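To keep things clear, I will list the structure first and then write my remarks on it.
The values are calculated or read from the model by the stated rules, or taken from the named source; none is laboratory data. What you see is a predicted model, and the numbers here were worked out from it, not measured in a lab. Glycine gets a Cβ as well: all are built from the backbone with ideal geometry, and neighbour counts include every protein chain shown. Accessible surface areas use protein heavy atoms only, side chains included; no ligands, DNA or RNA. Shrake-Rupley method; radii C 1.70, N 1.55, O 1.52, S 1.80 Å.
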Amino acid sequence: FAPEGLLKLVFRVEDGVIIGLHVWGTDACELVHLGMYLVKNKNTIFDLMGKIFTAVTYHELFKAAAFDGDKKLEFGLQWRSLFASIPMDVTVDDPDLYKAVFNEIDTDGSGELDADELHAVFEKMGESLQTR
């Protein structure tokens, strides 16, 4: 930031809860208070990614750091929203039913799901995915 500095969010990988931060630079004293607030209130990087700041200030760096952290996760924000839409209370006594559904999704018969097959499944669920 002004003109050099660093802002790093420390968060738990499993749920994105911010547990600390590193802030260094001329304006660090202006930024540390928002960081303390985020830690105290157990905000997540996903909360920050959806925030709109009313004015463009150095506080936008928190949002940029949250997006940077999300990119490093195996299951980031987009995946979490998809997981939330999948019902988890499904009980099926017949394992062959799961196998039949898997085989329907596994269009190339490889026994593994590739990106195209997963994309097709989520499209059928009404979820549009962005590709990187």
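Structural remarks
- The peptide list 34-45, 59-70, put in order of mean Cβ contacts within 10 Å with the highest first, becomes 59-70, 34-45.
- Where Cα atoms sit under 18 Å apart: lysine pairs in the chain separated by 8 or more or lying on different chains: 14
- A Förster radius of 25 Å combined with the Cβ-Cβ distance from residue 105 to residue 84 puts the calculated FRET efficiency at roughly 0.80.
- The simple Förster model, with R0 at 25 Å and r as the Cβ-Cβ distance, assigns residue 47 and residue 27 a FRET efficiency of 0.65.
- For the chain, the carbon plus sulfur part of the accessible surface works out to 57%, probe radius 1.4 Å.
- In the list (i) 1.51; (ii) 1.13; (iii) 1.00, the label attached to Rg/Rh (Cα atoms, Kirkwood Rh) as derived from the coordinates here is (ii).
- Across region 39-81, the mean sequence separation of Cα contacts (distance under 8 Å, 6 or more residues apart), normalised by length, yields a relative contact order of 39 percent.
- If the segment from residue 40 to residue 116 were pulled out straight at 0.36 nm per residue, it would be longer than the present Cα-Cα gap by 23.2 nm.
- The helix-only estimate of mean residue ellipticity at 222 nm for the chain, built from DSSP H runs of length n ≥ 4 each weighted as -39500 (n - 2.57), is -13500 deg cm²/dmol after division by the residue total.
- Local electrostatic count, residue 23, Cβ distance below 10 Å [Lys/Arg +1, Asp/Glu -1]: -1
- Full extension of the chain between residue 93 and residue 124 gives 8.7 nm of extra length, using 0.36 nm per residue less the Cα-Cα distance.
- Sequence-distant contacts, meaning Cα pairs under 8 Å at least 6 residues apart, place the relative contact order of the chain at 16 percent.
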